[in-house]
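Worksheet: the structure to be examined is printed underneath.
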Amino acid sequence: MIYDVIIAGAGVAGTVLAYLLAEKGVSTLILEKTALPRYKACGGGVTIKAVSALPFDIGEIVVCKPVGGELCYRGRRYIRRLIPDVAWLVEREELDLYLAQKAVKAGARLLEKIGVVSLEEHRERVVVRTSHESYEGRFLVGADGVTSVVSRAVGLLQNRCMGMAVAGEIGVDQTAYQQQGAYATFDFGAIPHGYAWIFPKREHLSIGFFQSTPGKVPEARKTLDEIITRFPHLKGYRLIRARGHHIPLGGKPQPLHKGRVLLVGDAANLADAWLGEGIYYAIQSARIAAQELMQNLHSGSADLENYTARVNAEIVEELRRAGIFASIVYRYPYLGTALMSRSLLMQEYVFGVMRGDYTFRQFNRLLLRGLPQILLQQLGR
Ligand SMILES: Cc1cc2nc3c(=O)[nH]c(=O)nc-3n(C[C@H](O)[C@H](O)[C@H](O)COP(=O)(O)OP(=O)(O)OC[C@H]3O[C@@H](n4cnc5c(N)ncnc54)[C@H](O)[C@@H]3O)c2cc1C
């Protein structure tokens, strides 16, 4: 059998794409190298713009809908503000399983524990070799994450700019859990060129850090232990587990397809250098891929030029602008924290971009225009 589309990887990008294609009657096969649910190092923060970009509701698997945010600098709290509807929190393995089930219900076929090993491109189809047998598709999508076998096989994105993130968990008692409350904590003084987070989950807290530059990676456990000691309500608690991974930072336009193969999500380098957010861009690239693949299947052509052009214009350009803001905040983290915690205008912009009220293009312009007022709000305190 020749599938219309074969997708390597059942993360957010692969499963959302499979759902969008299958619900339109496109024969779709997902090959996933692990068995679902699988552990994925992640803070599980799904911004409201990502929630809105999903083709269906994920309310039933959300573990916390934070009522607000807390901004700290090296453990010292600068502001705790009620501001709902910025992001929802999930357990990442539950989210990916849920998305995969949606794709299968829509008609996609999912094969687990089957990793893509190599591929062979022909004029009309792609032969995908796996750890078991071979499969054939008219198109192949690399949704296989930051270490994408597919991108390497076709020679795309050879030199990736990588950030790093580590996610851990701490089991706390009721008192500490209540002290955290339904607030998402961000600490921009925790590590150089990045931030630490504390997110309330179902019965524990997620703690982690993101580093936006390649450079030297801090020792994961030691860094997380240090962060824990700075927060009074976490003193004495120990990490249950901690795992890190690279985050591919986008911002440079590059080819994202070759012949009948295209890349989405982390495989296409689509995470931002500001918060390390990747889920939203995985969904966005899946949406664009679905439209472009259907167009090609409909017309019988194999021209994915438009996919690369659209992702570079609609996503990569946004990531470039996110990178500009990130480089300023991470160069002057104390000033950034002070401005973000004292200026209501700046808070509106920061939360607005997470909600999807503004693009990063609008956000940077608004910041520049609002700078005098933001500085006045800072001086007025
Ligand atoms: C510690 C950490 C915390 C993060 N926290 C957040 C956050 O809170 N919010 C946010 O928006 N982003 C976060 N990110 C980024 C986010 O996790 C990624 O951007 C996102 O997972 C990208 O989704 P994806 O579907 O492209 O790739 P992935 O989620 O990595 O999925 C790729 C899938 O492909 C499979 N696969 C790999 N190789 C093969 C193969 N050869 N054949 C078949 N299958 C294969 C993998 O098993 C996996 O299931 C975080 C990242 C890290 C490292």
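The table below gives the values:
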quantity: Potential extension, Arg81-Asp303 segment - 0.36 nm per residue separation minus Cα distance; calculated: 75.0 nm
quantity: 5 angstrom amide H check on Tyr78, placed H, neighbours 5+ away; calculated: Leu71, Cys72, Tyr73
quantity: Viscosity 0.890 mPa s, temperature 25 °C, Stokes-Einstein D of segment 121-276 from Kirkwood C-alpha radius, µm²/s; calculated: 138
quantity: For the chain, the Rg and Dmax computed from alpha carbons only, in angstrom; calculated: 20.9, 69
quantity: For segment 187-244 and segment 66-128, distance of Cα centres in Å; calculated: 21
quantity: For segment 332-379, average projected area of the Cα convex hull in nm²; calculated: 3.1
quantity: Backbone N under 20 Å from the Leu335 label point (7 Å along Cα→Cβ), restricted to segment 169-208; calculated: 187-195
quantity: At R0 = 41 Å, FRET efficiency that the Cβ-Cβ distance of Met1 and Leu368 yields, to 0.05; calculated: 0.15
quantity: Cβ-based charge dipole, the chain, positive-most Cα from Tyr39, Leu224, Gly265; calculated: Leu224
quantity: Zone of Glu314's modelled label, taken as backbone nitrogen in segment 350-381 under 18 Å from a point 7 Å along Cα→Cβ; calculated: 356-362
quantity: Among beta bridges that DSSP assigns inside the chain, antiparallel share in %, nearest 5; calculated: 70
quantity: Anchor Lys102: lysines whose Cα lies under 17 Å away (excluding residues fewer than 8 positions away in-chain); calculated: Lys24
quantity: Distance between modelled label sites at Ser134 and Leu345, nm, 7 Å Cα→Cβ extension; calculated: 6.3
quantity: Quotient of Cα Rg and 2.2 N^0.38 Å for segment 134-209, N being how many residues it contains; calculated: 1.68
quantity: Of Ala290, Ala184, Ala338, the one that fluctuates the most in a GNM where the chain has Cα springs shorter than 10 Å; calculated: Ala338
quantity: Solution diffusion estimate, µm²/s, Stokes-Einstein, segment 52-101, Kirkwood Rh from C-alpha pairs, 37 °C, viscosity 0.692 mPa s; calculated: 256
quantity: Filter on Lys201/Lys222; Lys65/Lys113; Lys65/Lys105 - keep pairs with C-alpha separation over 29 Å; calculated: Lys65/Lys113
quantity: Dipole magnitude of the chain about its Cα centre (Cβ charges: Lys, Arg +1; Asp, Glu -1), debye to nearest 20; calculated: 1140
quantity: Full-stretch length increase - Ile328, Ile61 - with 0.36 nm per residue and alpha-carbon distance subtracted; calculated: 92.6 nm
quantity: Extension gain from Ile240 to Arg74, taking 0.36 nm per residue of separation minus the Cα-Cα distance; calculated: 57.6 nm
quantity: At R0 = 51 Å, FRET efficiency that the Cβ-Cβ distance of Leu375 and Lys24 yields, to 0.05; calculated: 0.50
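Every number here is computed from the coordinates shown, using simple stated rules; none is lab data. Given the structure is predicted, the values throughout are model-derived calculations rather than measurements. Every residue, glycine among them, receives a Cβ derived from its backbone with ideal geometry; neighbour counts consider all protein chains shown.
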